[in-house]
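Novice: Sending over a structure as structure tokens; questions will come in a sec.
The values are calculated or read from the model by the stated rules, or taken from the named source; none is laboratory data. Not measured: the values here are computed from a predicted model. So basically every Cβ, Gly included, is an ideal-geometry build from the backbone, and we count neighbours across all protein chains shown. To get the accessible areas, we keep the full protein, side chains included, count just its heavy atoms, and leave off ligands, DNA and RNA. Shrake-Rupley method; radii C 1.70, N 1.55, O 1.52, S 1.80 Å.
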Amino acid sequence: MRAAVLTGLLLVLVPAPAAAHDAGSTLITVTPGYDDVGLTAQIPLSRIDFAYHTRLAGDPKRTVEESQNWLSALVLDRAALTGPDGRTWPLRVDSVISDRLEGFDTARVELTATPPADARRGAADLRWRVVGDVVYTHRVFIGRHIGASTEMTGLITRKRPVARIPVTATGPAPQGGALLGTPGWLAAMVVAVALGVVGRYSRVRPRRLAATGG
């Protein structure tokens, strides 16, 4: 029943031609945690190239690796997460790699957002302007990991640049040393409607990088 409701919602949000074939949308999956929240953004290289006059799509593995610092700075400059008390949660880029989502080359950007120690917990507002700050028709679909599945929770467009996302995990807290968040598969039917492709996508949250001096 819930899947049917989500599918119906996305059919309303996504125009028919885009549902048939849309290789230009960004997909962000959210992994709520107990102390922070993980975000994985799959950004089509062709859209990055079109927006910022780069040439990443020609040789993705090499160009994305060489452009990691630039891509990190781009995302941090154009993304923000604001908590329910109005304060911004610091964002950190954990990794930037070349990836493929349903046959299309992407920059896969893993981020961690950490709330202030005394922040009020609750849903947060994600503002995402990567590509969309230049390409006004660009869309960003938001999904949330829940156990072994992912539900689509929001859509960011030029006219609606902010999406409210749940950022706090529910259920018993993990034991010490356990990774926050749980790997999951995107529901194939929902992704097919949202992105115009059929298949599954698994997002494994990376371990937090150890701090280094310098």
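Novice: Could you count how many residues in the stretch 65-98 are hydrophobic (A, V, I, L, M, F, W, C) and either over 24 Å from THR137 (Cα atoms) or not in a helix (DSSP H, G or I) (or both)?
Specialist: Residues flagged as hydrophobic (A, V, I, L, M, F, W, C) and either over 24 Å from THR137 (Cα atoms) or not in a helix (DSSP H, G or I) (or both) within the stretch 65-98 amount to 8.
Novice: Does ILE142 count as open to solvent by 50 Å² or more (accessible area, probe 1.4 Å), part of a strand (DSSP E or B) and either β-branched (Val, Ile, Thr) or within 30 Å of GLY58 (Cα to Cα) (or both)?
Specialist: So ILE142 does not fit the description; no.
Novice: List the residue pairs whose Cβ atoms are under 7 Å apart, where the first residue sits in the stretch 77-101 and is within 9 Å of PRO115 (Cβ to Cβ), the second is open to solvent by less than 40 Å² (accessible area, probe 1.4 Å) and aromatic (Phe, Trp, Tyr), and the two are 6 or more positions apart or on different chains.
Specialist: LEU81/TRP89; GLY83/TRP89
Novice: Restricting the search to the stretch 99-131, which residues are crowded, with 21+ Cβ neighbours inside 10 Å and in a loop (DSSP other than H, G, I, E, B)?
Specialist: PRO115, VAL130, VAL131
Novice: Do we have ILE156 as modelled with pLDDT of 95 or more, in contact with a Lys or Arg (Cβ under 9 Å, 6 or more places away or on another chain) and within 23 Å of GLY58 (Cβ to Cβ) here?
Specialist: No; evaluated as a whole, the condition is false for this residue.
Novice: Still on this structure, please answer the following. Being touching a residue at least 24 places away in the same chain (Cβ under 8 Å), touching a helix residue (DSSP H, G or I) at 6+ places or on another chain (Cβ under 8 Å) and either surrounded by fewer than 17 Cβ atoms within 10 Å (Cβ to Cβ) or assigned to a strand (DSSP E or B) (or both) is true for just one of ALA41, ALA57. Which residue is that?
Specialist: Within the list ALA41, ALA57, the selection yields ALA41.
Novice: Do you know which residues across the stretch 60-89 are open to solvent by 80 Å² or more (accessible area, probe 1.4 Å) and either modelled with pLDDT under 95 or under 19 Å from PHE104 (Cα atoms) (or both)?
Specialist: LYS61, ARG62, GLU65, ARG87, THR88
Novice: Do we find that ASP36 is at pLDDT 95 or above, crowded, with 16+ Cβ neighbours inside 10 Å, among the acidic types (Asp, Glu) and in contact with a strand residue (DSSP E or B) (Cβ under 8 Å, 6 or more places away or on another chain) in this structure?
Specialist: no
Novice: Here is a list of conditions, (1) in a strand (DSSP E or B); (2) closer than 18 Å to LEU45 by Cα; (3) at pLDDT below 85, and VAL197 meets all of them except one; can you say which number that is?
Specialist: For VAL197, the failing item is (1).
Novice: Considering only the stretch 167-194, state which residues are modelled with pLDDT of 50 or more and surrounded by fewer than 17 Cβ atoms within 10 Å (Cβ to Cβ).
Specialist: Those that are modelled with pLDDT of 50 or more and surrounded by fewer than 17 Cβ atoms within 10 Å (Cβ to Cβ): THR168, THR170.
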